[in-house]
Amino acid sequence: MSSWRTRLLPPLLAIVFAVILTAIALIISGADPLQAYGTMIGQLFKGSTAVDTVNLATVYYLSGLAVAIGFQMNLFNIGVEGQYRFAAIVTAIIGGALQLPPVIHVLAILVVAVLSGMLYAAIPAVLKVTRGVSEVISTIMLNAIVGGIVAFLVNADQFGVQTGNNIATRQIDGTGRIPGIPILSGELFGFVFIAALIGAAYWFMLNRTRFGFELKASGESTTAAAAGGVNAKKMTLIAMLLSGGVAGLVAMPELLGRDFSYGITSTQMYGFTGIAVALLGRNHPAGIALGALLWAFLDRSAVSLEQINVSKEIATIMQGVIVLSVVIAYEIVRRADLAAEQRRVGRALAGNGRKGSSVSEGGAV
């Protein structure tokens, strides 16, 4: 059963608990919690922080969607980190080598990104359906391997280009870039709108297609789904490939909207953040968007704490507490809803029993 309580209360409780616990940590360290929180909120309205927050949230959103697709099938795709990095390096190399007209160039790059992510996700997917290998173990190992792949491909002897002290892939031509939108004192990634379309497609797939129904049914119970004619192994394979395909797009907002090349020093850990964002958003596209914005806000505003001599790691503490709290809060609210439903059913059965007794007595008379 799903209700507004199971959807809204857990993340709200987790955030409130994180704020309270972080306030306690601030008081112990001798800082003023109200001042710290006020500084973080105030930072949002300074310079390009607001735009930077939305840009970072776009990346987190794509990562969260990739994780959520796996969650729908009860698959813990912890390999989004490796999948997006593999897709990023392959896409940067091919995108930098292509010479195509503007729109076609961008579309070709996006196709390569999706296919690359799917290719890297296909390894744990095949191992899962053919040999029963846990996707958690295989994806963790692949996350470690991708670092070596990136280092090898970015090497100057392969596809790397030395620029000062930095080495990265060849820059993508202007025809392969997605223009940003100047707003306030920053530039909003044009990929924001593509991410929104992907989120809408994810919602439509889950709620308006047979495949989405079968995906959720298989995640709830593979036995029941199999009884209904759903091939659980096929659904597992497709879910992992879809998750990898979306993961392949995680680095695209920055690659096509800001950096235009990819190297060893490029930002990492987006895949692991996506796990937290998907949990906070309860795998719903709107919830994931709010979770991504919250995470991005904490990341971008944390630097302002140093102005008042407070460690910016306070924001990391808050993020960690939210992750832990949201899982506990979902379980607490779920059990409360289940108990309420059981009481309601019990009262209904008791009422029906009394009516039946009255009818029997009337018949006897």
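Looking only at region 45-72, which residues are of a type in the set (A, V, I, L, M) and in contact with a Ser or Thr (Cβ under 6 Å, 6 or more places away or on another chain)?
Within region 45-72, the first condition is being of a type in the set (A, V, I, L, M), and the residues that meet it are 50-51, 54, 56-57, 59, 62, 65-69.
Hits for region 45-72 are Ala66, Ile69.
Which residues, taken from region 194-212, are closer than 22 Å to Ala113 by Cα, hydroxyl-bearing (Ser, Thr, Tyr) and over 13 Å from the mean Cα position of the chain (by Cα)?
Result: no residue meets the conditions.
Read through the list (1) over 20 Å from Leu65 (Cβ atoms); (2) surrounded by fewer than 16 Cβ atoms within 10 Å (Cβ to Cβ), then give the number of the only condition that Ile123 fails.
Just one mismatch for Ile123, condition (2).
Checking Ala195 against (1) within 30 Å of Ile149 (Cβ to Cβ); (2) surrounded by fewer than 19 Cβ atoms within 10 Å (Cβ to Cβ), only one condition comes out false. Which one?
The one condition Ala195 does not meet is (2).
Let's see how each residue does on (1) over 28 Å from Tyr202 (Cβ atoms); (2) surrounded by 21 or more Cβ atoms within 10 Å (Cβ to Cβ); (3) free of Cβ contacts under 8 Å to residues at least 12 places away in the same chain:
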{"position": "Gln43", "(1), (2), (3)": "yes, no, no"}
{"position": "Thr58", "(1), (2), (3)": "no, yes, no"}
{"position": "Ala92", "(1), (2), (3)": "no, yes, no"}
{"position": "Val111", "(1), (2), (3)": "no, no, yes"}
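Tell me, which residue of region 4-41 that is open to solvent by less than 30 Å² (accessible area, probe 1.4 Å) and hydroxyl-bearing (Ser, Thr, Tyr) is modelled with the highest pLDDT?
Of all residues in region 4-41, those open to solvent by less than 30 Å² (accessible area, probe 1.4 Å) come to 6, 10-11, 14, 18, 22-23, 26, 31, 33, 36, 39-40.
From what is left, the residues that are hydroxyl-bearing (Ser, Thr, Tyr) are 6, 22, 39.
Details: Thr6: 65, Thr22: 89, Thr39: 92.
Among those residues, the one meeting the criterion is Thr39.
Pairs needed: first member in region 326-343, in contact (Cβ under 8 Å) with a residue 24 or more places away in the chain and surrounded by 14 or more Cβ atoms within 10 Å (Cβ to Cβ); second member anywhere, of a type in the set (Gly, Ala, Ser) and assigned to a helix (DSSP H, G or I); C-beta distance under 7 Å; at least 6 residues apart or different chains.
Val326/Ala14; Ala329/Ala14
Keeping to region 267-277, report how many residues are open to solvent by less than 10 Å² (accessible area, probe 1.4 Å) and closer than 15 Å to Leu12 by Cα. Step through it out loud before you land on a result.
Pass one, region 267-277, residues open to solvent by less than 10 Å² (accessible area, probe 1.4 Å): 271, 274, 277.
So of that shortlist, the ones also closer than 15 Å to Leu12 by Cα come out as 277.
Qualifying residue count for the region: 1.
Among the residues of region 201-260 satisfying the criterion of being touching an Asp or Glu at 6+ places or on another chain (Cβ under 8 Å) and either under 18 Å from Leu65 (Cα atoms) or hydroxyl-bearing (Ser, Thr, Tyr) (or both), which is surrounded by the most Cβ atoms within 10 Å (Cβ to Cβ)?
Residue satisfying both the conditions and the ranking: Met240.
Name the residues in region 134-171 that are open to solvent by 40 Å² or more (accessible area, probe 1.4 Å), touching a residue at least 24 places away in the same chain (Cβ under 8 Å) and of a type in the set (S, T, N, Q), would you?
Within region 134-171, Asn166, Gln171 meet the criteria.
The values are calculated or read from the model by the stated rules, or taken from the named source; none is laboratory data. Nothing here was measured: the structure is a model prediction, and the numbers come from that model. No Cβ is skipped: glycine too gets one built from the backbone with ideal geometry, and neighbour counts run over all protein chains shown. Areas reflect the complete protein model, heavy atoms only, side chains present, ligands, DNA and RNA absent. Shrake-Rupley method; radii C 1.70, N 1.55, O 1.52, S 1.80 Å.
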